[in-house]
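Take a look at the structure below.
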Amino acid sequence: AVEEMNRLLISFVFYRPEEVPDRHGKVIVPWKQCIKCHWETEEEYPEATHINQSRLHAKHYFMEQIECSKCHGYRTHEFVPEERFCVRCHQGKLVHGLGMEELACLNCHTDRTSDLRPSRDKCLFCHGDESVRQMLAEDGTLDVTHYQPPEETVKQAIKVKIPKDAPMQFQCYLCHKPHEAVRPDWGNCINCHRNIIEVGKHGLHVQMMGLKCNQCHKPHGWAVTEANAKQLCGECHPGGKSPKQFLGG
């Protein structure tokens with residue numbers, strides 16, 4: 001390891017490379033050097049960021065045992081990974097559509113969740129209002145301290161209002177698959193609602209007429225009430241229909 005570091009030093013002094021050369025499995029900077037400041041408290045660098053509470057580091061460093069310099073320092077003296085650096089290992093995980101193509105991986109993936117997937121609040125950083133962004137910023141996780149989306153991206157993002165009593169209280173990624181296609185296939189709702197075609201006139205509308213769920217149910221709210229049924233059902237049925245009649249009540 002010492003010989004490798006000496007060769008890198010000579011190369012840096014004389015050739016001024018822009019990128020760190022391939023390591024062939026060798027550690028450039030031993031992790032023990034990084035941990036002195038970024039896990040423990042070093043008197044010389046008391047303001048060094050600690051990774052003690054970082055799930056991202058727990059997953060990649062402690063569980064997967066990936067060396068620090070695999071992600072940090074692959075460019076000379078630039079220690080924050082580039083926006084799309086993660087796809088060097090996570091191949092095929094690019095994001096598709098609706099202006100999300102150039103987003104950094106950590107614009108969505110977050111230390112806030114145990115599996116590092118985007119929480120609903122994280123999606124609402126762009127798709128919600130300012131109160132959500134303020135709440136996330138106060139948490140100070142890596143995804144907001146280093147990887148906030150550009151203001152223009154936030155401004156252009158489709159804004160979503162999810163009623164507090166909305167029946168769908170699970171994570172956005174269960175329907176939205178941004179690594180495949182941003183827009184859900186609304187015909188796949190049946191994968192979870194397997195018995196729904198047996199309820200009321202769902203079978204008639206879905207199986208016989210081929211309607212998609214979102215033609216009647218509006219995403220993020222979903223419930224069809226007496227108030228909105230007049231408009232929703234009235235698009236096909238003049239005068240509207242009662243939800244109770246639809247369900248056979």
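Rounded to the nearest 10 degrees, the angle from helix 130-139 to the longest Cα principal axis of the chain is 40 degrees. Which residues among region 54-74 fall inside the zone where the amide N is under 19 Å from a point 7 Å beyond the Cα of Thr41, along Cα→Cβ? Output list for this probe position: 54.
Do the sum for the chain: with -39,500 (n - 2.57) for every DSSP H run of n ≥ 4, divided by all residues, what is the mean residue ellipticity at 222 nm, to the nearest 500 deg cm²/dmol? So the helix-based figure for the chain works out to -7000 deg cm²/dmol.
Listed by chain and number, the lysines placed with their C-alpha closer than 26 angstrom to that of Lys36 are Lys26, Lys59, Lys70; residues fewer than eight positions away on the same chain are left out. Against the criterion of solvent-accessible heavy-atom surface with a 1.4 angstrom probe, Ser114, Ser54, Ser11 sort, most first, into Ser114, Ser11, Ser54. Taking a Cβ cut-off of under 13 Å around Ser114, the surrounding Lys, Arg, Asp and Glu residues balance to a net charge of +2, with basic ones at +1 and acidic ones at -1. Loop-located trypsin sites (Lys or Arg not before Pro) in region 173-249 (DSSP state not H, G, I, E or B) with no more than 12 neighbouring Cβ atoms inside 10 Å: Arg194.
With each label modelled as a point 7 angstrom along the Cα→C-beta vector, the Asn195-Phe12 pair spans 6.5 nm.
The candidate values are [x] -0.41, -0.61, -0.72; [y] -0.58, -0.77, -0.86; [z] -0.34, -0.52, -0.63; the one derived from this structure for log10 I(q)/I(0) by the Debye sum over Cα atoms at q = 0.09, 0.11, 0.12 Å⁻¹ carries the label [y]. Legend: calculated FRET efficiency, Leu174 to Trp31, from the Cβ-Cβ distance at R0 = 30 Å, rounded to 0.05, equals 0.25. Annotation note: chymotrypsin sites (Phe, Trp or Tyr not before Pro) in region 166-249 located in DSSP loop regions with a Cβ neighbour count of at most 11 within 10 Å are Phe170.
Accessible area ranking (1.4 Å probe, heavy atoms, ligands and nucleic acids excluded), largest first, for Asp165, Asp139, Asp111: Asp165, Asp139, Asp111. Here's the list of lysines a cross-link from Lys241 could span, going by alpha-carbon distance under 20 Å and ignoring same-chain residues fewer than 8 apart: Lys201, Lys212, Lys218, Lys230.
Once the mean of 1/r is taken over each pair of separate Cα atoms and inverted, region 155-248 shows a Kirkwood hydrodynamic radius of 14.8 Å. Ordered by 1.4 Å accessible area with all protein chains kept, Met63, Met168 run largest first as Met63, Met168. Between the Cα long axis of helix 2-15 and the first principal axis of the chain there is an angle of about 90°, rounded to the nearest 10.
The values are calculated or read from the model by the stated rules, or taken from the named source; none is laboratory data. None of these values were measured; they are calculated from a predicted model. Cβ: placed from backbone, ideal geometry, glycine included. Neighbour counts: every protein chain shown. Side chains are part of the model used for accessible areas, which takes the heavy atoms of the whole protein and leaves out ligands, DNA and RNA. Shrake-Rupley method; radii C 1.70, N 1.55, O 1.52, S 1.80 Å.
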